[in-house]
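The values are calculated or read from the model by the stated rules, or taken from the named source; none is laboratory data. Keep in mind that this is a model prediction, so the values were computed, not measured. Here the Cβ is made from the backbone with ideal geometry for all residues, glycine too, and neighbour counts use every protein chain on show. Accessible surface is based on the protein model in full, side chains and every heavy atom, while ligands, DNA and RNA are left aside. Shrake-Rupley method; radii C 1.70, N 1.55, O 1.52, S 1.80 Å.
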Amino acid sequence: MTLALDAAPVAAKPALRPANPDFSSGPCAKRPGWSLDALSGALLGRSHRAAGPKARLAEVIDRSRAILGLPQDWVLGIVPGSDTGAVEMAMWSLLGARGVDILAFESFSGAWATDVVKQLKLADARVLSAPYGGLPDLAQVDPVRDVVLAWNGTTSGVRLPDAEWIAGDREGLVICDATSAAFAMALPFEKLDVVTWSWQKVLGGEAAHGMLALSPRAVARLESYKPAWPLPKVFRLTSGGKLSAGIFRGETINTPSMLCVEDALDGLRWAEGIGGLPALIARSEANLAAVVAWVERTPWVDFLAADPATRSCTSICLRITAPWFTALTPDEQAKAAKRLPSLLDKEGVAFDVASYRDAPPGLRIWGGATVETADIEALLPWLDWAYAQVCPA
Ligand SMILES: Cc1ncc(COP(=O)(O)O)c(C=O)c1O
(Lines give C-alpha, C1' and ligand atoms only; values in the text may rest on other atoms or scores of the structure.)
Protein backbone atom coordinates (compact mmCIF):
# COMPACT_ATOMS: atom_id res chain seq x y z
CA MET A 1 0.00 0.00 0.00
CA THR A 2 1.35 3.50 -0.82
CA LEU A 3 0.57 6.54 1.21
CA ALA A 4 -0.29 9.74 -0.65
CA LEU A 5 2.02 12.04 1.26
CA ASP A 6 0.70 15.18 -0.38
CA ALA A 7 -2.94 14.42 0.33
CA ALA A 8 -4.83 17.10 2.23
CA PRO A 9 -5.14 16.40 5.94
CA VAL A 10 -8.53 15.04 6.85
CA ALA A 11 -10.51 17.61 8.79
CA ALA A 12 -14.11 17.13 9.75
CA LYS A 13 -16.53 19.83 8.72
CA PRO A 14 -17.68 21.88 11.70
CA ALA A 15 -21.19 21.01 12.88
CA LEU A 16 -22.29 24.63 13.24
CA ARG A 17 -22.77 26.98 10.28
CA PRO A 18 -23.14 30.77 10.41
CA ALA A 19 -26.87 31.57 10.33
CA ASN A 20 -26.02 34.33 7.85
CA PRO A 21 -23.07 33.63 5.52
CA ASP A 22 -22.83 37.25 4.30
CA PHE A 23 -19.41 38.62 5.23
CA SER A 24 -18.85 40.90 2.23
CA SER A 25 -17.15 44.27 2.77
CA GLY A 26 -19.74 45.96 0.60
CA PRO A 27 -22.57 45.67 -0.01
CA CYS A 28 -22.54 44.36 3.56
CA ALA A 29 -24.92 42.03 5.39
CA LYS A 30 -28.44 43.30 5.93
CA ARG A 31 -29.36 43.99 9.56
CA PRO A 32 -30.47 40.99 11.64
CA GLY A 33 -34.08 40.10 10.88
CA TRP A 34 -34.21 42.12 7.65
CA SER A 35 -36.63 41.07 4.92
CA LEU A 36 -38.05 42.77 1.85
CA ASP A 37 -41.16 43.53 3.94
CA ALA A 38 -39.09 46.28 5.59
CA LEU A 39 -39.46 48.23 2.35
CA SER A 40 -43.21 47.83 1.96
CA GLY A 41 -43.87 51.45 2.96
CA ALA A 42 -41.51 52.88 0.30
CA LEU A 43 -42.93 55.84 -1.61
CA LEU A 44 -42.39 54.32 -5.05
CA GLY A 45 -43.68 55.87 -8.26
CA ARG A 46 -43.65 59.30 -6.64
CA SER A 47 -41.60 62.41 -7.34
CA HIS A 48 -38.71 62.73 -4.93
CA ARG A 49 -39.45 66.46 -4.91
CA ALA A 50 -42.97 65.98 -3.53
CA ALA A 51 -43.50 66.69 0.17
CA GLY A 52 -43.78 63.06 1.37
CA PRO A 53 -40.74 61.64 -0.42
CA LYS A 54 -38.69 64.74 0.36
CA ALA A 55 -39.53 64.31 4.02
CA ARG A 56 -38.17 60.74 3.85
CA LEU A 57 -34.91 62.04 2.34
CA ALA A 58 -34.69 64.63 5.10
CA GLU A 59 -35.40 61.88 7.64
CA VAL A 60 -32.33 59.95 6.44
CA ILE A 61 -30.28 63.10 7.02
CA ASP A 62 -31.79 63.81 10.45
CA ARG A 63 -31.53 60.26 11.78
CA SER A 64 -27.95 59.90 10.47
CA ARG A 65 -26.95 63.18 12.13
CA ALA A 66 -28.47 62.17 15.43
CA ILE A 67 -26.94 58.68 15.55
CA LEU A 68 -23.47 59.89 14.55
CA GLY A 69 -23.60 62.92 16.85
CA LEU A 70 -22.75 65.28 14.00
CA PRO A 71 -22.00 68.77 15.42
CA GLN A 72 -25.00 71.13 15.14
CA ASP A 73 -23.14 73.53 12.87
CA TRP A 74 -22.26 70.88 10.25
CA VAL A 75 -24.44 70.22 7.20
CA LEU A 76 -25.22 66.75 5.81
CA GLY A 77 -26.53 65.89 2.38
CA ILE A 78 -27.40 62.92 0.18
CA VAL A 79 -25.33 62.99 -3.01
CA PRO A 80 -24.99 60.95 -6.22
CA GLY A 81 -22.39 58.27 -6.84
CA SER A 82 -22.16 56.53 -3.47
CA ASP A 83 -19.08 57.20 -1.34
CA THR A 84 -16.91 57.73 -4.43
CA GLY A 85 -19.29 60.47 -5.56
CA ALA A 86 -19.14 62.16 -2.16
CA VAL A 87 -15.31 62.05 -1.95
CA GLU A 88 -14.85 63.18 -5.54
CA MET A 89 -17.26 66.11 -5.23
CA ALA A 90 -15.46 67.22 -2.07
CA MET A 91 -12.02 66.96 -3.68
CA TRP A 92 -13.04 68.65 -6.93
CA SER A 93 -14.91 71.43 -5.13
CA LEU A 94 -12.46 72.17 -2.31
CA LEU A 95 -8.91 71.26 -3.34
CA GLY A 96 -6.46 73.58 -5.05
CA ALA A 97 -6.82 76.48 -2.63
CA ARG A 98 -3.65 75.35 -0.80
CA GLY A 99 -1.21 72.43 -0.82
CA VAL A 100 -2.59 68.99 -0.03
CA ASP A 101 -1.26 65.89 1.71
CA ILE A 102 -2.88 62.57 0.79
CA LEU A 103 -2.51 59.53 3.02
CA ALA A 104 -2.31 56.58 0.62
CA PHE A 105 -2.08 53.21 2.36
CA GLU A 106 -4.39 50.86 0.50
CA SER A 107 -6.44 50.74 -2.68
CA PHE A 108 -9.10 53.42 -2.11
CA SER A 109 -6.87 56.00 -0.42
CA GLY A 110 -4.39 55.27 -3.22
CA ALA A 111 -7.13 56.03 -5.74
CA TRP A 112 -7.76 59.42 -4.12
CA ALA A 113 -4.03 60.17 -4.43
CA THR A 114 -4.14 59.22 -8.12
CA ASP A 115 -7.09 61.54 -8.69
CA VAL A 116 -5.42 64.48 -6.98
CA VAL A 117 -2.10 64.00 -8.77
CA LYS A 118 -3.12 62.71 -12.19
CA GLN A 119 -6.66 64.03 -12.73
CA LEU A 120 -6.76 67.31 -10.80
CA LYS A 121 -3.01 67.62 -11.50
CA LEU A 122 -2.47 69.72 -8.37
CA ALA A 123 1.07 71.05 -8.43
CA ASP A 124 1.47 71.10 -4.65
CA ALA A 125 0.33 67.60 -3.71
CA ARG A 126 2.31 65.28 -1.42
CA VAL A 127 1.43 61.61 -1.35
CA LEU A 128 2.34 60.14 2.03
CA SER A 129 2.20 56.45 1.37
CA ALA A 130 2.59 53.16 3.20
CA PRO A 131 2.36 49.56 2.02
CA TYR A 132 -0.68 47.39 2.84
CA GLY A 133 -0.76 46.75 6.57
CA GLY A 134 0.86 50.03 7.58
CA LEU A 135 0.09 53.73 7.89
CA PRO A 136 2.15 56.63 6.53
CA ASP A 137 4.19 58.70 8.99
CA LEU A 138 1.39 60.86 10.39
CA ALA A 139 3.89 63.34 11.87
CA GLN A 140 4.61 64.45 8.29
CA VAL A 141 1.12 65.88 7.87
CA ASP A 142 1.29 69.66 7.73
CA PRO A 143 -1.60 71.56 9.40
CA VAL A 144 -1.20 74.39 6.91
CA ARG A 145 -2.14 72.04 4.09
CA ASP A 146 -5.36 70.19 3.24
CA VAL A 147 -5.41 66.47 3.96
CA VAL A 148 -7.24 63.64 2.21
CA LEU A 149 -7.50 60.37 4.12
CA ALA A 150 -9.55 57.24 4.63
CA TRP A 151 -10.39 56.72 8.31
CA ASN A 152 -10.50 53.00 7.71
CA GLY A 153 -8.59 51.41 4.84
CA THR A 154 -11.16 48.86 3.73
CA THR A 155 -8.76 46.85 1.60
CA SER A 156 -5.96 46.55 4.19
CA GLY A 157 -7.99 46.41 7.39
CA VAL A 158 -5.97 49.29 8.82
CA ARG A 159 -7.71 52.15 10.63
CA LEU A 160 -6.36 55.35 12.05
CA PRO A 161 -5.82 54.75 15.77
CA ASP A 162 -6.63 58.34 16.82
CA ALA A 163 -6.69 61.95 15.63
CA GLU A 164 -4.02 63.29 17.99
CA TRP A 165 -1.83 64.12 15.00
CA ILE A 166 -4.44 66.42 13.44
CA ALA A 167 -4.04 69.99 14.72
CA GLY A 168 -7.11 71.50 16.36
CA ASP A 169 -6.10 74.92 14.98
CA ARG A 170 -5.19 73.64 11.48
CA GLU A 171 -5.49 75.98 8.52
CA GLY A 172 -6.11 73.26 5.95
CA LEU A 173 -9.22 71.12 5.61
CA VAL A 174 -9.32 67.41 6.44
CA ILE A 175 -11.34 65.42 3.90
CA CYS A 176 -12.15 62.06 5.47
CA ASP A 177 -13.49 59.07 3.55
CA ALA A 178 -15.24 57.28 6.40
CA THR A 179 -17.31 54.82 4.41
CA SER A 180 -16.16 51.72 6.27
CA ALA A 181 -15.82 53.55 9.59
CA ALA A 182 -19.05 55.55 10.02
CA PHE A 183 -21.48 53.86 12.46
CA ALA A 184 -18.79 51.41 13.67
CA MET A 185 -16.04 53.70 14.93
CA ALA A 186 -16.08 56.97 16.85
CA LEU A 187 -15.25 59.75 14.39
CA PRO A 188 -13.51 62.84 15.84
CA PHE A 189 -15.59 65.44 14.01
CA GLU A 190 -13.71 68.31 15.71
CA LYS A 191 -10.59 67.17 13.78
CA LEU A 192 -12.36 66.65 10.43
CA ASP A 193 -13.95 69.00 7.91
CA VAL A 194 -15.50 66.72 5.33
CA VAL A 195 -16.78 63.24 6.17
CA THR A 196 -18.25 60.86 3.59
CA TRP A 197 -19.88 57.48 3.60
CA SER A 198 -22.41 55.35 1.72
CA TRP A 199 -25.48 53.38 2.79
CA GLN A 200 -24.28 49.86 2.01
CA LYS A 201 -21.56 49.46 4.60
CA VAL A 202 -22.02 49.37 8.39
CA LEU A 203 -25.84 49.67 8.34
CA GLY A 204 -26.24 47.25 5.44
CA GLY A 205 -28.35 49.53 3.23
CA GLU A 206 -28.76 49.42 -0.52
CA ALA A 207 -26.04 51.01 -2.64
CA ALA A 208 -25.85 54.03 -4.98
CA HIS A 209 -26.16 57.02 -2.68
CA GLY A 210 -23.44 58.95 -0.89
CA MET A 211 -23.51 61.01 2.28
CA LEU A 212 -21.50 64.22 2.49
CA ALA A 213 -20.99 66.01 5.82
CA LEU A 214 -19.34 69.45 5.85
CA SER A 215 -17.96 71.50 8.73
CA PRO A 216 -18.46 75.29 8.83
CA ARG A 217 -14.85 75.70 7.62
CA ALA A 218 -15.54 73.45 4.63
CA VAL A 219 -18.66 75.49 3.80
CA ALA A 220 -16.62 78.70 4.13
CA ARG A 221 -14.07 77.28 1.63
CA LEU A 222 -16.89 76.37 -0.78
CA GLU A 223 -18.27 79.89 -0.61
CA SER A 224 -14.94 81.68 -0.93
CA TYR A 225 -12.95 79.56 -3.38
CA LYS A 226 -13.68 78.78 -7.01
CA PRO A 227 -11.64 75.93 -8.49
CA ALA A 228 -9.79 76.60 -11.74
CA TRP A 229 -11.51 73.65 -13.43
CA PRO A 230 -15.12 73.20 -14.55
CA LEU A 231 -17.44 71.27 -12.21
CA PRO A 232 -20.08 68.96 -13.67
CA LYS A 233 -23.61 69.34 -12.31
CA VAL A 234 -23.41 66.22 -10.14
CA PHE A 235 -20.42 67.73 -8.28
CA ARG A 236 -21.82 71.22 -7.78
CA LEU A 237 -22.44 72.19 -4.17
CA THR A 238 -22.83 75.94 -4.63
CA SER A 239 -24.94 78.25 -6.69
CA GLY A 240 -24.01 81.89 -7.25
CA GLY A 241 -21.14 81.53 -4.77
CA LYS A 242 -23.43 80.32 -1.95
CA LEU A 243 -23.89 76.83 -0.56
CA SER A 244 -26.83 75.08 -2.24
CA ALA A 245 -28.57 74.68 1.10
CA GLY A 246 -31.40 72.58 -0.34
CA ILE A 247 -29.04 69.64 -0.93
CA PHE A 248 -28.62 69.48 2.84
CA ARG A 249 -32.39 69.37 3.44
CA GLY A 250 -33.09 66.45 1.12
CA GLU A 251 -33.37 68.31 -2.21
CA THR A 252 -30.99 65.97 -4.00
CA ILE A 253 -28.96 67.09 -7.02
CA ASN A 254 -30.56 64.38 -9.16
CA THR A 255 -33.02 61.54 -8.71
CA PRO A 256 -32.52 59.17 -5.78
CA SER A 257 -34.07 55.71 -5.39
CA MET A 258 -36.92 55.90 -2.91
CA LEU A 259 -36.54 52.14 -2.42
CA CYS A 260 -32.96 52.67 -1.26
CA VAL A 261 -34.12 55.59 0.88
CA GLU A 262 -36.64 53.32 2.62
CA ASP A 263 -33.96 50.74 3.22
CA ALA A 264 -31.55 53.36 4.60
CA LEU A 265 -34.29 54.44 7.01
CA ASP A 266 -34.83 50.82 8.04
CA GLY A 267 -31.13 50.51 8.88
CA LEU A 268 -31.12 53.77 10.81
CA ARG A 269 -34.24 52.80 12.81
CA TRP A 270 -32.66 49.44 13.60
CA ALA A 271 -29.51 51.25 14.78
CA GLU A 272 -31.59 53.47 17.07
CA GLY A 273 -33.52 50.48 18.37
CA ILE A 274 -30.43 48.61 19.51
CA GLY A 275 -28.96 51.63 21.33
CA GLY A 276 -27.44 53.90 18.70
CA LEU A 277 -23.76 54.50 18.04
CA PRO A 278 -22.37 52.92 21.25
CA ALA A 279 -24.25 49.69 20.49
CA LEU A 280 -23.15 49.69 16.85
CA ILE A 281 -19.52 50.17 17.86
CA ALA A 282 -19.79 47.48 20.53
CA ARG A 283 -21.18 44.96 18.02
CA SER A 284 -18.37 45.63 15.58
CA GLU A 285 -15.67 45.55 18.26
CA ALA A 286 -17.05 42.23 19.53
CA ASN A 287 -16.66 40.84 16.02
CA LEU A 288 -13.04 41.97 15.90
CA ALA A 289 -12.42 40.54 19.39
CA ALA A 290 -13.72 37.12 18.29
CA VAL A 291 -11.30 37.12 15.35
CA VAL A 292 -8.42 38.35 17.54
CA ALA A 293 -8.94 35.45 19.96
CA TRP A 294 -8.95 32.98 17.07
CA VAL A 295 -5.85 34.47 15.41
CA GLU A 296 -4.02 34.24 18.74
CA ARG A 297 -4.60 30.50 18.93
CA THR A 298 -4.12 29.79 15.21
CA PRO A 299 -0.55 29.35 13.96
CA TRP A 300 -1.10 29.89 10.24
CA VAL A 301 -2.72 33.30 10.21
CA ASP A 302 -2.15 36.90 11.31
CA PHE A 303 -3.64 40.34 10.78
CA LEU A 304 -2.50 42.30 7.75
CA ALA A 305 -2.46 45.37 10.02
CA ALA A 306 1.04 45.43 11.50
CA ASP A 307 0.10 47.43 14.62
CA PRO A 308 -2.72 45.98 16.79
CA ALA A 309 -3.90 49.54 17.54
CA THR A 310 -4.72 49.97 13.85
CA ARG A 311 -6.72 46.74 13.35
CA SER A 312 -10.05 47.50 11.77
CA CYS A 313 -13.22 46.22 13.43
CA THR A 314 -15.11 46.37 10.13
CA SER A 315 -12.90 45.15 7.28
CA ILE A 316 -10.91 42.49 9.10
CA CYS A 317 -8.00 41.58 6.80
CA LEU A 318 -5.90 38.49 7.44
CA ARG A 319 -2.79 37.07 5.85
CA ILE A 320 -1.50 33.50 5.79
CA THR A 321 1.81 33.23 7.62
CA ALA A 322 2.51 29.47 7.36
CA PRO A 323 6.05 28.83 6.03
CA TRP A 324 4.82 26.62 3.14
CA PHE A 325 2.66 29.54 2.00
CA THR A 326 5.21 32.34 2.38
CA ALA A 327 7.73 30.19 0.42
CA LEU A 328 5.44 30.31 -2.66
CA THR A 329 5.86 32.82 -5.48
CA PRO A 330 3.38 35.75 -5.40
CA ASP A 331 1.31 34.11 -8.16
CA GLU A 332 1.21 30.80 -6.32
CA GLN A 333 0.26 32.57 -3.10
CA ALA A 334 -2.60 34.36 -4.85
CA LYS A 335 -3.87 31.05 -6.26
CA ALA A 336 -3.52 29.16 -2.98
CA ALA A 337 -5.17 31.91 -0.94
CA LYS A 338 -8.16 32.02 -3.30
CA ARG A 339 -8.93 28.37 -2.58
CA LEU A 340 -10.08 29.15 0.97
CA PRO A 341 -12.88 31.58 0.10
CA SER A 342 -13.84 29.41 -2.81
CA LEU A 343 -14.29 26.35 -0.55
CA LEU A 344 -16.27 28.41 1.95
CA ASP A 345 -18.44 29.78 -0.82
CA LYS A 346 -19.13 26.28 -2.14
CA GLU A 347 -20.13 25.14 1.33
CA GLY A 348 -22.41 28.18 1.62
CA VAL A 349 -20.85 29.15 4.96
CA ALA A 350 -19.15 32.41 3.93
CA PHE A 351 -19.56 34.57 0.85
CA ASP A 352 -17.11 37.20 -0.42
CA VAL A 353 -14.29 36.71 2.10
CA ALA A 354 -11.39 36.83 -0.36
CA SER A 355 -8.98 39.71 0.10
CA TYR A 356 -9.53 42.72 -2.19
CA ARG A 357 -8.21 42.20 -5.72
CA ASP A 358 -5.24 44.61 -5.31
CA ALA A 359 -4.44 43.63 -1.70
CA PRO A 360 -1.97 40.96 -0.54
CA PRO A 361 -3.56 37.49 -0.81
CA GLY A 362 -5.51 36.43 2.25
CA LEU A 363 -8.97 36.80 3.75
CA ARG A 364 -11.18 39.78 4.42
CA ILE A 365 -14.09 39.29 6.78
CA TRP A 366 -16.60 42.07 7.36
CA GLY A 367 -17.26 42.64 11.03
CA GLY A 368 -19.52 45.69 10.79
CA ALA A 369 -22.52 46.16 13.05
CA THR A 370 -25.01 44.14 11.01
CA VAL A 371 -22.87 41.00 11.39
CA GLU A 372 -23.75 38.87 14.42
CA THR A 373 -20.78 37.86 16.58
CA ALA A 374 -22.31 34.37 16.78
CA ASP A 375 -21.92 34.15 12.99
CA ILE A 376 -18.27 35.24 13.14
CA GLU A 377 -17.71 32.64 15.86
CA ALA A 378 -19.39 29.97 13.76
CA LEU A 379 -17.27 30.97 10.76
CA LEU A 380 -13.89 30.60 12.49
CA PRO A 381 -13.84 26.75 12.69
CA TRP A 382 -14.76 26.77 9.01
CA LEU A 383 -11.64 28.81 8.29
CA ASP A 384 -9.62 26.11 10.08
CA TRP A 385 -11.42 23.48 8.02
CA ALA A 386 -10.81 25.29 4.71
CA TYR A 387 -7.17 25.86 5.57
CA ALA A 388 -6.71 22.15 6.32
CA GLN A 389 -8.00 21.35 2.82
CA VAL A 390 -5.54 23.76 1.20
CA CYS A 391 -2.45 23.21 3.36
CA PRO A 392 -0.07 20.56 1.99
CA ALA A 393 0.15 17.53 4.29
C1 LIG B 1 -12.48 53.34 1.85
C2 LIG B 1 -13.40 53.25 0.67
N3 LIG B 1 -13.53 54.33 -0.11
C4 LIG B 1 -14.35 54.30 -1.19
C5 LIG B 1 -15.05 53.17 -1.54
C6 LIG B 1 -15.94 53.19 -2.74
O7 LIG B 1 -17.23 53.27 -2.25
P8 LIG B 1 -18.51 53.30 -3.18
O9 LIG B 1 -18.54 52.02 -3.91
O10 LIG B 1 -19.59 53.48 -2.18
O11 LIG B 1 -18.37 54.47 -4.08
C12 LIG B 1 -14.96 52.04 -0.75
C13 LIG B 1 -15.69 50.81 -1.11
O14 LIG B 1 -15.57 49.79 -0.48
C15 LIG B 1 -14.11 52.09 0.37
O16 LIG B 1 -13.98 51.01 1.14
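Among the criteria (1) closer than 22 Å to Pro188 by Cβ; (2) part of a loop (DSSP other than H, G, I, E, B), the one Ala271 does not fulfil is (2).
Residue-wise test of (1) in contact with a helix residue (DSSP H, G or I) (Cβ under 6 Å, 6 or more places away or on another chain); (2) over 18 Å from Ser107 (Cβ atoms); (3) within 16 Å of the ligand (Cβ to nearest atom).
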{"residue": "Pro299", "(1), (2), (3)": "no, yes, no"}
{"residue": "Phe303", "(1), (2), (3)": "no, no, no"}
{"residue": "Ala306", "(1), (2), (3)": "no, no, no"}
{"residue": "Ala309", "(1), (2), (3)": "no, yes, no"}
{"residue": "Ser312", "(1), (2), (3)": "no, no, yes"}
{"residue": "Thr329", "(1), (2), (3)": "no, yes, no"}
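Of the helices (runs of 4 or more DSSP H) that lie entirely inside the range 32-115, those containing 1 or more residues that are within 13 Å of the ligand (Cβ to nearest atom), in the same structural domain as Leu128 (by TED's automatic domain parsing) and surrounded by 19 or more Cβ atoms within 10 Å (Cβ to Cβ) span 82-94, 107-114. Of all residues in the range 126-140, those that are touching a Lys or Arg at 6+ places or on another chain (Cβ under 9 Å) and more than 16 Å from the ligand (Cβ to nearest atom) total 2. For beta carbons closer than 6 Å, sequence separation of 6+ or different chains, a first residue in the range 189-202 that is in a helix (DSSP H, G or I) and a second that is more than 8 Å from the ligand (Cβ to nearest atom), the qualifying pairs are Phe189/Pro71; Lys191/Ala163; Lys191/Ile166. The set of residues in the range 104-141 being within 22 Å of Pro308 (Cβ to Cβ) and aromatic (Phe, Trp, Tyr) consists of Phe105, Tyr132. With the requirement that a residue be outside any helix (DSSP H, G or I), β-branched (Val, Ile, Thr) and touching a residue at least 24 places away in the same chain (Cβ under 8 Å), what does the range 279-321 give you? Scanning the range 279-321 gives Thr298, Val301, Thr314, Ile316, Ile320.
For every residue, the table says whether it meets (1) assigned by TED's automatic domain parsing to the domain that holds Glu206; (2) surrounded by 14 or more Cβ atoms within 10 Å (Cβ to Cβ); (3) within 30 Å of Leu39 (Cα to Cα); (4) among the β-branched types (Val, Ile, Thr).
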{"residue": "Gly267", "(1), (2), (3), (4)": "yes, yes, yes, no"}
{"residue": "Leu280", "(1), (2), (3), (4)": "no, yes, yes, no"}
{"residue": "Arg297", "(1), (2), (3), (4)": "no, no, no, no"}
{"residue": "Pro308", "(1), (2), (3), (4)": "no, no, no, no"}
{"residue": "Arg319", "(1), (2), (3), (4)": "no, yes, no, no"}
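Limited to the range 322-353, what total is found for residues that are at negative phi, open to solvent by 40 Å² or more (accessible area, probe 1.4 Å) and not in a helix (DSSP H, G or I)? Adding up the residues that qualify gives 4. Restricting attention to the range 146-162, the residues that are away from the ligand (no atom under 16 Å from the Cβ) and either open to solvent by less than 10 Å² (accessible area, probe 1.4 Å) or assigned to a strand (DSSP E or B) (or both) add up to 1. Among the residues of the range 223-231, is any of a type outside the set (Lys, Arg), open to solvent by 60 Å² or more (accessible area, probe 1.4 Å), at pLDDT 95 or above and touching a Ser or Thr at 6+ places or on another chain (Cβ under 8 Å)? Yes, because at least one residue in the range 223-231 is of a type outside the set (Lys, Arg), open to solvent by 60 Å² or more (accessible area, probe 1.4 Å), at pLDDT 95 or above and touching a Ser or Thr at 6+ places or on another chain (Cβ under 8 Å). Restricting Ala182, Ala213, Ala218 to residues that are assigned by TED's automatic domain parsing to the domain that holds Ala86, surrounded by 24 or more Cβ atoms within 10 Å (Cβ to Cβ), part of a helix (DSSP H, G or I) and of a type outside the set (S, T, N, Q) narrows the list to Ala218.
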